[in-house]
Each structure stands twice: as C-alpha cells, then as structure tokens.
1. Return the pair list, or none, for Cβ contacts closer than 7 Å from residues in segment 45-63 that are closer than 11 Å to residue 34 by Cα to residues that are part of a loop (DSSP other than H, G, I, E, B) and polar (S, T, N, Q), at least 6 apart or on different chains.
2. One residue is enough: does segment 145-164 have a residue meeting the conditions touching a residue at least 12 places away in the same chain (Cβ under 8 Å), within 26 Å of residue 67 (Cα to Cα) and charged (D, E, K, R)?
3. Name, by its number, the condition in (1) of a type outside the set (D, E, K, R); (2) modelled with pLDDT of 95 or more; (3) over 25 Å from the mean Cα position of the chain (by Cα) that does not hold for residue 216.
4. Which one is nearest to residue 174 (Cα to Cα) among residues in segment 56-76 that are of a type outside the set (A, V, I, L, M) and surrounded by fewer than 19 Cβ atoms within 10 Å (Cβ to Cβ)?
5. So the check is Cβ under 6 Å with 6+ separation or different chains; which pairs have a first residue in segment 240-262 that's in the same structural domain as residue 218 (by TED's automatic domain parsing) and within 13 Å of residue 275 (Cβ to Cβ) and a second one that's among the hydroxyl-bearing types (Ser, Thr, Tyr) and buried (at least 24 other Cβ atoms within 10 Å of the Cβ)?
6. In segment 263-275, what count of residues is obtained for those that are under 9 Å from residue 230 (Cβ atoms) and touching a residue at least 60 places away in the same chain (Cβ under 8 Å)?
7. Quick check on this structure: which one of 211, 196 is in a helix (DSSP H, G or I), within 27 Å of residue 289 (Cβ to Cβ) and of a type in the set (D, E, K, R)?
8. Residue by residue through segment 158-170, note down the ones that are surrounded by fewer than 12 Cβ atoms within 10 Å (Cβ to Cβ) and assigned to a loop (DSSP other than H, G, I, E, B).
Amino acid sequence: MAEILVLVDHVDGEVKKVTLELLTLANRLGEASAVWVGAGYDGAKDKLAEYGAQKVYVGADEELASYVVAPKAALLAQLVQEKSPAAVLVAATGEGKEVAGRLAVKIGSGVLTDVVDVADGFVAEHSIFGGGTIAHAKVTTGTPVIAVRPNAVAAEAAPATPAEEQVTVALSDTDKGTKIVEKVVQEKGERPDLTEAAIVVSGGRGVGGAENFKIIEGLADSLGAAVGASRAATDAGWYPHQFQVGQTGKTVSPQLYIAVGISGAIQHRAGMQTSKTIIAINKDSEAPIFELVDFGVVGDLFQVAPQLTEEITKRK
C-alpha cells in the first residue's frame, strides 16, 4: 500500500489528539508513516504505535526544533523526494497550515486546507458556508499536501509495531530565519483543553453577559469539562475568543456537548455537530439547536443550569 506521511503535532513529547486522527485517516488511505520533529519521542512512541503508525521517521536533531516552522517543511520536503509518498497529512492548526503552504511551494505541489475528510483517490471534503455546503477538491499537481481540521475524523486505535528511521536535513539560511530564543509555559487551569476534552459546556447569547459565564463554568467544573462559547458571546466580549466553538473558531467532537443559551446558528453547529451526545438548554422551543440534539431542555438556563450543577455535585 502507498505510504502516507503524517506530521506529528506534539508539545514536548505529548502527542496531540489530532495526530491520532491523522494516523487513523492515513491508514484508511494507505500506510501511515509518522514524522517526528524535536525531543520527547521515547515517551510518545507507544502512543503512535497504538494508533497505527507503520513507520516513524525520527528527526530528533535539536537544530530542527530550534527554529519556527521552516525546518519541519524542509524535512518533509526531503522525505517526499526520497520516499515518494502518496500524500502528506498535517493538522489544520495555525502552525500546521503554514508548514503545509511552505511544503507545497518546496515540492511544487497543490495544497488543501481546512479539510474535514479524505476519500479514496485523495479527494478532500470541505465544509463551507458554516457547514451549509459540502465541497470536494483534489490536488492535480505533485504530491497532495492536505491539512485536516482537528476533530474532523474519529481516532481509532490500530496497534502496530512501527519501524524507526533516524532522519535529519541540512537547513538553509532561509530555514534559520526565525529562531526560538525562549519558551514560556502558559499557566493552565484545571479544566481540560477545549479541542481535546471529552465533555464541553458552551454558553451563548442567552447567558446575557460576562458575569453570568460563572454559571457555565460551574456546570463545566462539576463535570470536569472544558468551557466553550458561541461567536455571539465572544464577539460581545463575554468570554475570550480562544474558547469560541464554530466555523470560525474551534471544532470540537467530545463525547458530551452541552449547549447553554445557544440558539444553534449554522456557524456554531459546524464546530460541534460531530459530538457524540448533544444536550441543549434554551428557553426558546423553536431554537434551531433543538433540531440537532439528543436531549433538550426547554427552560430558563438561570434556573436549569444551577440545578443541574447542584444535582451532579450531589452524586459525585
């Protein structure tokens, strides 16, 4: 089967969920070969094997992780030349899309970004206009470079015993244009990361103001969940934009998604509609969100959410 390169997205050896999704997708289309850049591989190799990496190219040279983005594109370009893979998959994150663009230029290939699925023949699926339209596209020149949205594909374990190959690349002066001189660890709260959480509780316009988001946070904390927000809430300044769920925010696919005071505009639905179980709390029985949910509560969120939080806390 054709080899497909998957760039591993990790932070100091902690493999991001999106990488496991990419490995799953790659194995549907061919044989997944993970490309690791930086330190921490020894602590991550078991996770890559668990999710089906048939081979791992290990770029552990410290210099590769000393510069921003460009070395990853250079290493991938060299592997494309040497290994002639059928495609290259990366995460459609800010960094991933820049790597994809740089790589496509280096190897003279087409690039597709914000992809939500890939079918046989590397036909990519895009969800556009807030999820109202599905478009398909295919790279016609060179090796397809495809950036896939996090949470677009369900990760499936497929244990393998990957072969390992140490790789490096000679960096040009251009590749060394932006050097990392310091890393600062951002302090994180006790809540899980929004895109990786198993449970997400989101608040929308119905919350009514920034001070009322403590109701959403209280419900989330009782469940050990991440907090999200609709675009209406973030645009109003009620909650930080990095927590926005939707077409122009983050895509989530948790086991449980609770939408509180969210009407269910198509822009928001595009970012959470693949959640396994969806619950909505909204006083408007005609709200579009109720077309999507597994369970719905028609009621005042200021009464329902605190009661739900209290009951969950009692049962812990």
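The values are calculated or read from the model by the stated rules, or taken from the named source; none is laboratory data. Computed from a prediction, not measured in an experiment: that's the story for all the values here. When we count neighbours, we look across all protein chains shown, and the Cβ atoms used for this are built from the backbone with ideal geometry, even at glycine.
1. 49/161; 59/168
2. Kept after step one, since they are touching a residue at least 12 places away in the same chain (Cβ under 8 Å), are these residues of segment 145-164: 145-164.
From what's left, within 26 Å of residue 67 (Cα to Cα): 145-150, 164.
Now narrow it down to the ones that are charged (D, E, K, R): 149, 164.
Yes: segment 145-164 contains one or more residues that are touching a residue at least 12 places away in the same chain (Cβ under 8 Å), within 26 Å of residue 67 (Cα to Cα) and charged (D, E, K, R).
3. (3)
4. Let us first name the residues in segment 56-76 that are of a type outside the set (A, V, I, L, M), namely 57, 59, 61-63, 66-67, 71-72.
Now drop any that are not surrounded by fewer than 19 Cβ atoms within 10 Å (Cβ to Cβ), which leaves 61-63, 66-67.
On the way: 61: 18, 62: 18, 63: 14, 66: 13, 67: 10 Å.
Per the criteria, the residue is 67.
5. Within 6 Å, the pairs are 245/202; 259/202; 262/230.
6. The number of residues fulfilling the criteria is 3.
7. Working: 196 fails: in a helix (DSSP H, G or I).
Just a single option satisfies the conditions, and that option is 211.
8. Answer for segment 158-170, where residues must be surrounded by fewer than 12 Cβ atoms within 10 Å (Cβ to Cβ) and assigned to a loop (DSSP other than H, G, I, E, B): 159, 161, 170.
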